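Structure, as structure tokens:
Every read-out reported here was derived from the displayed coordinates using simple, explicitly stated rules and does not represent laboratory data. Bear in mind the structure is a predicted one, so any value in this text is a computation, not a measurement. Here the Cβ positions follow ideal geometry from the backbone for every residue, glycine too, while neighbour counts run over all protein chains shown.
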Amino acid sequence: MKLRSLLTGFFSCTILVSVAQPKQKVLADKIVAVVGDKIILKSDIDNSLSDMIRQGVELPPDAKCLTLEQMMGVKALVLQAEKDSLPVSDEEVETDIENRIRYFINAYGSKDELERVAGKTVYQLKEDMRGPIKDQKLATAMRDKVVSGIKITPNEVKAFFEKIPADSLAYYESEVELGQIIMYPKASRDAEEYALSQLVDIKNQIEGGKDFRNMAILYSDDPSAKQNGGQFEINRTQKDFDPIWMAKAFALKEGQISSPFKTRFGYHIVQMVSRAGDDAIVKHILKTPQVTQIEMNEGLSKMDSVRANLISGTIDFGTAVDKYSDDEMSKFTGGMIQGPNGTFLSIDQLDKSMIPIYQKLKVGEYSQPTEFTDERGKKGIRIVYLKSQSQPHRENLKDDYSKIANRALEAKKDQAIEDWFRKKITGYYIKIDDEYKNCDGMKKWMENSSQLNKQ
């Protein structure tokens, strides 16, 4: 297996901290490899393998060898990135650390449970993460520099495809490319005032002795409230919360409940439960002003006009998305629905409510404006656009050119990275423990490193 292929897997995975159980006391550890001034410990490999096992990854027989080869490749990239002074800011690293800590807190239910299971404080976990995350970012930056500017030509795509054995060609079920323009009609002023008055009453009841958690379960329009009682563990640097909501939360003192305030999601009250620097635990109740059929009908009429302009060619789909769609993600995807294979979606990857809409369309057509309810329970109207549809088929250049081209490009990048390593290895001081010298992946390091052969 090529070193670059291993690194692809490394870059695509998330660096995990072994938190599923407290760390065992290390009885013995040793350096198993050195690349330049970077060392790799036996415990680094053991911990990495333990993480994969806990994630349910089936390890190959040579897992230790492959893991060491990965780690050595990353160290080599980091060395060159440092030499080339590639920029990786402390802020980038800290943001990544915070995101990963939040992932673990959500996975284990609370900060206290994470610390109990890990046998470490969150501060200690962050310190453990800092070095590996910075290395990952440096290695990724170096890899991107090596492959930047690599292009693929149609002739190269054709040559790549022709090398694939006929019995290895992928079989694709029917796939579609769908776009949508989404509008969320606004509630009336009366509905807004009613939602606000409800929150005022709820706040008064809580301050009069009612339990915040129970009130959130009973009255919050946030779907997650039924499971978490309206409680969240947040960090000030998070980008996945509304900035107004975040500012209001961190303006509170411990125990204080905010006055009702508005964001694009509706009206909120927030209570600051506890705070430690930029980390906080808060409780939250949301009331969403109800949209009536009157507002829905007005939205349907407006979307009818948008569809008429699309059909007449007065406006193209991308422009219509920019101008009329209220879905924030649409601004980044041009309105196209994304899946594991980009914009190509199999039927089972579609939202069930989307299937009867697209089945009435021919390629290039736009659906009638249709009412729907999103995952947050918010009422909206959408126009669906069927950009393309394929029939079940064996992979071929005509129907699957973009997929094949992407694979061909990645293979070309693989080779560029492989060539880069073979060239750079000769300039690194390399030492490998005897236990690993017989690994297949170590041969290229040993054969190409004059430093190693002189040991």
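Computed about the Cα centre, the dipole magnitude for the range 189-287 is approximately 100 debye when only Lys and Arg (+1) and Asp and Glu (-1) carry charge, each at its Cβ. Put simply, the C-alpha atoms of the range 183-324 give a gyration tensor, and the ellipsoid matching it has half-axes of 36, 19, 11 Å, longest first. If exposed means no more than 12 neighbouring beta carbons inside 10 Å and the site is in a DSSP loop, what's the longest run of the chain without any exposed trypsin sites (Lys or Arg not before Pro)? That would be 31-150.
When HIS393, HIS268 are sorted by how many other C-beta atoms sit within 10 angstrom of their C-beta, beginning with the fewest, the order is HIS393, HIS268.
Short-range pairs are left out: with C-alpha atoms under 8 Å and at least six residues apart, the relative contact order of the chain is 22 percent.
When shorter helices are ignored and each DSSP H run of at least 4 residues is given -39500 (n - 2.57), the per-residue value for the chain at 222 nm works out to -15000 deg cm²/dmol.
Ordered by the number of other Cβ atoms lying within 10 Å of each residue's own Cβ, fewest first, LEU79, LEU350, LEU178 fall into the sequence LEU350, LEU79, LEU178.
For the residue pairs LYS134/LYS283; LYS158/LYS239; LYS134/LYS239; LYS226/LYS360; LYS253/LYS323; LYS302/LYS362, the C-alpha atoms sit more than 32 angstrom apart in LYS134/LYS283; LYS158/LYS239; LYS226/LYS360; LYS253/LYS323.
With Cα atoms as the point set, the radius of gyration and Dmax of the range 89-149 evaluate to 14.2, 48 Å. The longest part of the chain holding none of the exposed loop GluC sites (Glu not before Pro), meaning those outside H, G, I, E and B in DSSP with at most 16 other Cβ atoms within 10 Å, is 59-172. For the chain, the fraction of alpha-carbon pairs lying more than 37 Å apart is 47 percent, rounded to a whole number. Note on the range 209-282: Cα Rg divided by 2.2 N^0.38 Å, N the number of residues, gives 1.04.
Separation of the range 189-246 from the range 275-341 is 23 Å, based on Cα centroids.
Compute the acute angle (0 to 90°) between the alpha-carbon long axis of helix 3-12 and the principal axis of greatest extent of the alpha-carbon atoms of the chain; round to the nearest 10°. Approximately 20 degrees, to the nearest ten. Helix 42-54 axis versus longest C-alpha principal axis of the chain: approximately 40°, rounded to the nearest ten.
Cβ crowding within 10 Å ranks LEU66, LEU196 as LEU196, LEU66, fewest other Cβ atoms first. Alpha carbon centre of the range 394-447 versus the range 249-266: separation in Å? If you average the Cα positions of each part, the centres end up 52 Å apart.
Axis angle, to the nearest 10 degrees, between helix 122-147 and the longest C-alpha principal axis of the chain: 70 degrees.
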